[in-house]
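Report on the following structure.
Computed from the coordinates by the stated procedures, all read-outs in this text should not be read as laboratory data. These figures come from a predicted structure and were not determined experimentally. Glycine also receives a Cβ, built like all others from the backbone with ideal geometry; neighbour counts cover every protein chain displayed.
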């Protein structure tokens, strides 16, 4: 076992502690104010949990490669629940190394938003040797509303040119799947007879797998919430960057739907983002639905995920609560809060030691531990 001394510890749950020792092996064994005996203290500084990016495309759209090499979207059809983001990730993307250097150790990687249903999203370790080593779990099926799926009419397959067309295609598959579930339950259809596309959607219709829906504008979020009620789906709102009033955030909160917000520092390059502004976060903080943050890498760089927190602090959030957005909150949204997201006994020993408060620009991680192993030590 080993230990780090936290002169200041952000625990990921919105609390801070001073002058504590975190004792760990692969998992955190104890957190104590007493200096441990017979345990080497390997680092000292301000300590945070490892950061978690709840929505990114890292490893699919890669550093230093031409756009033609991107694997963000599969263009063969508009409904692809069998597509799996895991199989388009290259772990030798240099962006992973940069993310690790700034404390982002875990990524929820989703297919892009050019399709109505883009495929399965996956949670990985950024420090994995290959995709098998990196894989942790599946975290939902990606869907997209709004401009993006209707902007891809030159791609293959059945393509919508309007938002109502996109929702119509989605309805077709949701209704087919719902009817198939009913036939299976009545014994009128055998599992071997099921179309693989419908079979892949059954966990979504049963609420076993969340539908993670790209939606920026207030009207598209309203559509999502209506569909959620109609089919009794488990969903997350992904983005909401164009929301510029309290009312939509209030709807999201009433429905109990998690929100993966952002990214705050990306260029608003299309009309459906014409109201994007970091100041919109004030409505989010007034209403307080349950939310975490995304980088949407490469649209904003994942290594800079924690820099987005400055906007929330400026709007009145405490530093400890801000850290929670990219630790515990993201872990809970991804269903891995029993292992990650906070510094507590029994959780994975994935933590970051800083040479000072991470909210001071001159400070940086000196040591990064992943499941107990030192994977980065600053040499600059």
query = For the Cα atoms of the chain, what angle does the longest principal axis make with the long axis of helix 246-255, in degrees from 0 to 90, nearest 10?
reply = 80
query = Once both axes come from the Cα atoms, what is the angle between helix 163-185 and the longest principal axis of the chain, in degrees from 0 to 90, rounded to 10?
reply = 90
task = Give the order of 51, 102, 24, 231 when sorted by the count of other beta carbons within 10 angstrom, beginning with the fewest.
result = 231, 102, 24, 51
ask   = Any idea what the alpha-carbon Rg over 2.2 N^0.38 Å comes to for the stretch 51-340?
value = 0.97
key: Helix-derived mean residue ellipticity, 222 nm - over the chain, DSSP H n ≥ 4, -39500 (n - 2.57), to 500   = -7500 deg cm²/dmol
task = Based on other C-beta atoms within 10 Å, arrange 7, 162 from fewest to most.
result = 162, 7
key: Cβ-derived FRET efficiency at R0 30 Å, residue 7 paired with residue 288, nearest 0.05   = 0.45
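Roughly how compact is the stretch 253-352, stated as its Cα Rg over 2.2 N^0.38 Å to two decimals?
Computed over Cα atoms of the stretch 253-352, the ratio equals 1.12.
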ask   = Using 0.36 nm per residue, how much length does the chain from residue 153 to residue 183 gain when fully extended, once their Cα-Cα distance is taken away?
value = 7.4 nm
task = Rounded to the nearest 10 degrees, what's the angle between the helix 218-231 long axis and the longest principal axis of the chain, both from Cα atoms, 0 to 90?
result = 70
key: Residue order, fewest to most surrounding Cβ atoms within 10 angstrom, among 376, 244   = 244, 376
key: Mean Cα-pair separation over length for the chain, i.e. relative contact order, pairs under 8 Å, 6 or more apart, %   = 21
